[in-house]
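Each reported figure results from applying straightforward, stated rules to the coordinates on display, with no laboratory input. These figures come from a predicted structure and were not determined experimentally. Here the Cβ is made from the backbone with ideal geometry for all residues, glycine too, and neighbour counts use every protein chain on show.
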Ligand SMILES: *Cc1c(COP(=O)(O)O)cnc(C)c1O
């Protein structure tokens, strides 16, 4: 008797054809689909749950159930009118690459386990560094997102600033290590503190540098600094889109035992265009950068990069030895990543950049920012107050007092034409519009703007 399974390679084509049909139908529905999910998580868990099945069912039946029930619990975030968080959709070329990669099921931890996994990372890295204007010799880890990218780059930072004091933290541990001073802007992203906490540097030990009204760390407010120290800057504040003056900060603190890190989850992609040079110049002088590919580059989850100027600092923190590992000459991904076994996520980044080209990446960034300015203009013209300078793809708007603004946000989400989230900015509730999808057109912006204004005019002030 053969393997006990309901499936065989003989039926896989039929199954994947069905998956293809259902997936294509979903994608085709996005332009007109209500953006908010139709069913909540509890309800879906009920529908898909029940007792643990003791016997399996045919995969085509499972697929049908997942699509018919599960798709009702999807948010149309890959669609053209989702402006929540900073999300981005997935470019068609990157979805297709993701499918093929799922079929290949490569273990991209090493060149030996997957030559293609290693190869696409090398090529994608070279391309990303060129687009972002970062040193071509930098090292990098392809990780799950900016949270892990912050963690990974900061592990290299921690190692490096202590090595400068003759201390190998990865071998000797943090207990007994020289104390590291860590600085971050008042408006640094929450995930940065999580990364610092995981690294034993203490979420609450971070010295917060005052920020200006746009949330930019003030270079003139930096305290005097002696190493070992790590200075965490940010490009692309999640609320305002503003950039810390990274060049000025890294020049001011430059020393062998002081490391400048940049959290540029989405903002770093502004480097694809010279138009943002006034804010983005000098970012290349930092020591490490964290960024997402699943936000503004529009590749599927989960995809981010930790980039480190000195590849040996990253490799030193991440590499490992084992008897079963082959001798190697090329770039093995696991030498740079926290994970060992991992999917070949570099394929999606490679495919996205190959499909857009350098000019296409620039156009995507520029277009998103133009759409954001149009939102701002339309809202201001209708008499609503913008709470930020719209310098990138982020718009913060108030519709009056906090209660009114919250009501408008709920109304917009209920209406379903588009989706925007809320936030607090400088003591006030604001609606946050983030434009980061390749799929958003000028028409989508006009439709969304009209829907927002309609909802807002219906809410009593
Ligand atoms: C989104 C974001 C993060 C976290 O990124 P994930 O991809 O969700 O891990 C970190 N920093 C900034 C500035 C962000 O915008």
| query | For the peptides 41-53, 378-390, 186-198, what is the packing order when you average, over each peptide's residues, the other Cβ atoms within 10 Å and list the highest mean first? | reply | 186-198, 378-390, 41-53
| field | Pair residue 103, residue 322: separation of 7 Å Cα→Cβ label points (nm) | value | 3.0
| message | Report the per residue volume, in Å³, of the convex hull enclosing the C-alpha atoms of the range 201-275. | response | 114
| request: Output the Kirkwood hydrodynamic radius of the range 232-273, Cα pairs only, in Å rounded to one decimal. | output: 10.9
| Volume per residue of the C-alpha convex hull in the range 191-340, rounded to whole Å³ | 149
| task | Consider just the alpha-carbon atoms of the range 343-421 and return their Rg together with their Dmax, both in angstrom. | result | 17.0, 49
| said: If you build the convex hull over the alpha carbons only and average its shadow over all orientations, what do you get for the chain? Give it in nm² to one decimal. | reply: 25.1
| request: Please list the radius of gyration and Dmax for the range 1-129, considering alpha-carbon atoms only, with Å as the unit. | output: 18.4, 54
| said: Limiting things to C-alpha atoms, what are the Rg and the maximum Cα-Cα separation (Dmax) for the range 281-395, in angstroms? | reply: 19.7, 68
| note | So the FRET efficiency between residue 46 and residue 370, C-beta based with R0 = 56 Å and rounded to 0.05, is 0.80
| request: Evaluate 2.2 N^0.38 Å with N set to the residue count of the range 129-218, then give the Cα radius of gyration divided by it. | output: 1.20
| task | Order by neighbour count: 294, 54, fewest other Cβ atoms within 10 Å first, most last. | result | 54, 294
| said: Please compute the volume of the convex hull spanned by the alpha-carbon atoms of the range 156-196 and report it per residue in Å³. | reply: 81
| message | Explain nothing, just the number: relative contact order of the chain, from Cα pairs under 8 Å at least 6 residues apart, as a whole percent. | response | 22
| request: Compute the distance in nm between two label points, each set 7 Å from the Cα along the Cα-to-Cβ direction, one at residue 69 and one at residue 13. | output: 3.2
| Using the C-alpha gyration tensor of the range 114-170, what are the square roots of 5 times its eigenvalues, in whole angstrom, with the largest one first? | 25, 14, 12
| message | Quick check on the exposure proxy: order 356, 100, 347 from fewest to most C-beta atoms within 10 angstrom. | response | 100, 356, 347
